[in-house]
Amino acid sequence: MKNGVKAAAEYAAAVALLRIFGWMPRKLAYRAARIASWMGFNLAKRQRNSGLKNLSMTMPHLSAAEQESILRACFDNLGRLLVEFSHFPDLSRSNISDYVVYEGFENFSEGVRRGKGVLFLTGHFGAWELSSFAHSIYGHPMKFVVREIDNPRVERLISGYRSLGGNAPVRRQNASRDILKALRNNETVGILMDQNTVREEGVFADFFGIPAATTPAVATFALRTGAAVIPGFLIWDQKIRKHRLHFDPPLKLIQTGDRTTDILENTRMFNKVLENYIRKNPDQWLWIHRRWKTRPEGDSPI
């Protein structure tokens with residue numbers, strides 16, 4: 001009974017948030033989101049402590065005040081993400097350029113031209129949900145790997161928003177089969193590879209100089225299929241008050257002939273790409289995630 005009540009409350013809260021922020025004009029919604037992010041920073045003690053710990057490990061050269069400023073901006077970024085996600089139903093081909101502009105689209109085109117599929121190397125950066133959604137509204141629907149939300153009703157609600165532009169989620173239980181099929185059809189697949197994974201499913205690759213349990217999925221699928229690996233990130237540009245959907249040229253894979261070595265070395269390279277983006281725009285990454293939770297055998301917990 002308690003679980004049912006909790007699930008219903010979660011669903012009601014999700015619906016209320018999306019409707020309230022989606023009903024507001026964007027200018028007002030952004031202001032409301034700033035208030036919500038301020039409350040989140042001050043009330044979410046566990047997330048705040050995780051963020052400060054991550055920043056102290058990865059950017060020890062910054063003062064405590066500078067680290068806190070980045071973390072506050074991280075919460076602001078989450079508020080901006082909420083606004084953008086809530087307004088998905090309002091976006092169309094005729095107005096998407098008012099909010100998201102391409103940068104380096106020719107790099108994506110090059111990946112498609114190769115004919116073996118495209119793997120977007122990306123992470124929880126900027127308003128990441130808007131990244132794939134805007135790409136679909138522009139006319140380039142894609143597949144994206146997701147972890148299903150535990151509450152089925154909330155999962156259906158969120159999935160419905162994500163799919164409005166034609167994107168299709170790839171569930172983790174069918175991920176390998178569906179990703180291989182998509183790449184063989186020269187489709188695009190987005191994989192967020194900046195989250196902690198369990199020791200049995202990941203490889204340890206340095207991230208900000210600290211070994212981090214990282215999914216080898218991008219490297220594994222790229223080496224197996226020859227798909228183009230293209231770094232793609234949605235970057236909030238305060239000057240133009242728009243998001244820039246930026247694509248880098250396809251990465252040149254490391255291929256020595258030893259599959260285990262190649263997976264590890266390419267995963268290290270991918271982590272370095274992610275790290276470089278985060279260093280340039282540290283306020284736009286999800287610092288509150290416990291990225292270094294899983295440790296190598298014998299290491300002390302962080």
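Every number in this text was worked out from the coordinates using simple rules, so none of it is lab data. The structure displayed is predicted, hence computed values, not measured ones. Cβ coordinates were reconstructed from backbone atoms using ideal geometry, including for glycine residues, and neighbour counts include every protein chain displayed.
Which residues does the label zone of ARG171 cover in region 116-154, counting backbone N under 19 Å from a point 7 Å along Cα→Cβ? Flagged as within label range: 143-154. Assuming charge only on the beta carbon of Lys and Arg (+1) and of Asp and Glu (-1), the dipole of the chain about its Cα centre is about 660 debye to the nearest 20. Simple rule: put +1 on each Lys or Arg Cβ and -1 on each Asp or Glu Cβ in region 2-284, find the dipole, and look at SER37, SER69, PRO231; the Cα lying farthest toward the positive end is SER37. Using θ = phi - 60° and the Karplus form 6.51 cos²θ - 1.76 cosθ + 1.60, what ³J(HN,Hα) does each residue of region 170-186 get, whole Hz, x for Gly and Pro? After applying 6.51 cos²θ - 1.76 cosθ + 1.60, I find 10, 6, 4, 5, 10, 4, 4, 4, 5, 5, 4, 4, 5, 5, 5, 8, 6 Hz. For region 205-302, the set of GluC sites (Glu not before Pro) satisfying both a DSSP loop assignment and a count of at most 10 other C-beta atoms within 10 Å is given as GLU297.
Over 18 Å between C-alpha atoms is what I'm after, so list which of LYS116/LYS143; LYS181/LYS252; LYS6/LYS293; LYS242/LYS272; LYS116/LYS252 land there. Over 18 Å apart, Cα to Cα: LYS181/LYS252; LYS6/LYS293; LYS242/LYS272. Checking (1) -0.28, -0.38, -0.87, -1.23; (2) -0.33, -0.44, -0.94, -1.24; (3) -0.20, -0.27, -0.70, -1.35 against log10 I(q)/I(0) by the Debye sum over Cα atoms at q = 0.06, 0.07, 0.11, 0.15 Å⁻¹ calculated from these atoms, the matching label is (3). A Förster radius of 41 Å, combined with the Cβ-Cβ distance separating LEU180 from LEU17, puts the computed FRET efficiency at roughly 0.70.
What is the dipole size for region 86-163, taken about its Cα centre, with +1 at each Lys and Arg Cβ and -1 at each Asp and Glu Cβ, in debye to the nearest 20? Walk me through the intermediate numbers first.
Details: 9 positive and 9 negative charges, 73 e Å.
The calculated dipole for region 86-163 is roughly 360 debye.
For region 176-206, the residues whose backbone nitrogen is under 20 Å from a point 7 Å from the Cα of LYS272, taken along Cα to Cβ, are 193-195, 203-206. Only DSSP H runs of four or more residues enter the estimate; each adds -39500 (n - 2.57), and after division by the residues of the chain the mean residue ellipticity at 222 nm equals -16000 deg cm²/dmol.
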